[in-house]
1. Sort out which residues of the stretch 101-117 are of a type outside the set (Lys, Arg) and either without any contact (Cβ under 8 Å) to a residue 60 or more places away in the chain or surrounded by fewer than 14 Cβ atoms within 10 Å (Cβ to Cβ) (or both), and write them in order of number.
2. One residue is enough: does the stretch 103-124 have a residue meeting the conditions over 18 Å from the mean Cα position of the chain (by Cα) and farther than 25 Å from Ala32 by Cα?
3. For the stretch 96-112, indicate whether the set of residues that are of a type in the set (S, T, N, Q), over 28 Å from Gly27 (Cβ atoms) and not in a helix (DSSP H, G or I) is non-empty.
4. So Ile98 fits all but one of (1) farther than 28 Å from Lys44 by Cα; (2) open to solvent by 50 Å² or more (accessible area, probe 1.4 Å); what number is the exception?
5. Here's a check for you: in the stretch 14-48, which residue that is of a type in the set (A, V, I, L, M, F, W, C) and surrounded by fewer than 21 Cβ atoms within 10 Å (Cβ to Cβ) is modelled with the lowest pLDDT?
6. Taking the criterion of being among the hydroxyl-bearing types (Ser, Thr, Tyr), at pLDDT 95 or above and either out of contact with any Asp or Glu (no Cβ under 8 Å at 6 or more places or on another chain) or open to solvent by less than 50 Å² (accessible area, probe 1.4 Å) (or both), would at least one residue in the stretch 49-60 satisfy it?
7. Which of the residues spanning the stretch 63-77 are surrounded by 12 or more Cβ atoms within 10 Å (Cβ to Cβ) and over 22 Å from Asn111 (Cα atoms)?
8. Of all residues in the stretch 78-95 being assigned to a helix (DSSP H, G or I) and aliphatic (A, V, I, L, M), which is surrounded by the fewest Cβ atoms within 10 Å (Cβ to Cβ)?
Amino acid sequence: MYVVSNFKGGCMSKLTDNLELNDLGGGNFRGAKTIDAANVIGNKKDLSNEEIDILIEAGYYRETGKFKSASELIKARIDEIFSVMAFAAESSDKWRQINEDEAARNEFIKNYRKGAAGLVQRAMFGEK
């Protein structure tokens, strides 16, 4: 049986046997372990990229009962946002910049990921 371990040295060791969650495949077992890992993270404020991914995956698994990787979820959401916001870029300087400037786009995606993880934290653990 695998047990979620505590944070070590600023990084999270996800499972005691030094397994990465990726090693568990993409099924229900990985989804359940992702929920366990999210419970360890709890309402932590300063999240690493790995912790953000765990929270995004846990939120999706909690909602749907299906596992998808954070990168797959974020890509689908970002693609949808940018396809809709292309219309806003016609009248918004900020969206025009995000659509045209790779650095601005990357900053938007970084902030979106943090926001998505924060929403999962609120849903799972209450207000920060």
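The values are calculated or read from the model by the stated rules, or taken from the named source; none is laboratory data. For clarity, every value in this text was computed on a predicted model and none was experimentally measured. Note that each Cβ is placed from the backbone with ideal geometry, even for glycine, and that neighbours are counted across all protein chains shown. Protein only, heavy atoms only, side chains kept; ligands, DNA and RNA dropped before computing areas. Shrake-Rupley method; radii C 1.70, N 1.55, O 1.52, S 1.80 Å.
1. Asp101, Glu102, Ala103, Ala104, Asn106, Glu107, Phe108, Ile109, Asn111, Tyr112, Gly115
2. Looking through the stretch 103-124, at least one residue is over 18 Å from the mean Cα position of the chain (by Cα) and farther than 25 Å from Ala32 by Cα.
3. no
4. (2)
5. Leu15
6. yes
7. Matches in the stretch 63-77: Phe67 only.
8. It comes out as Val84.
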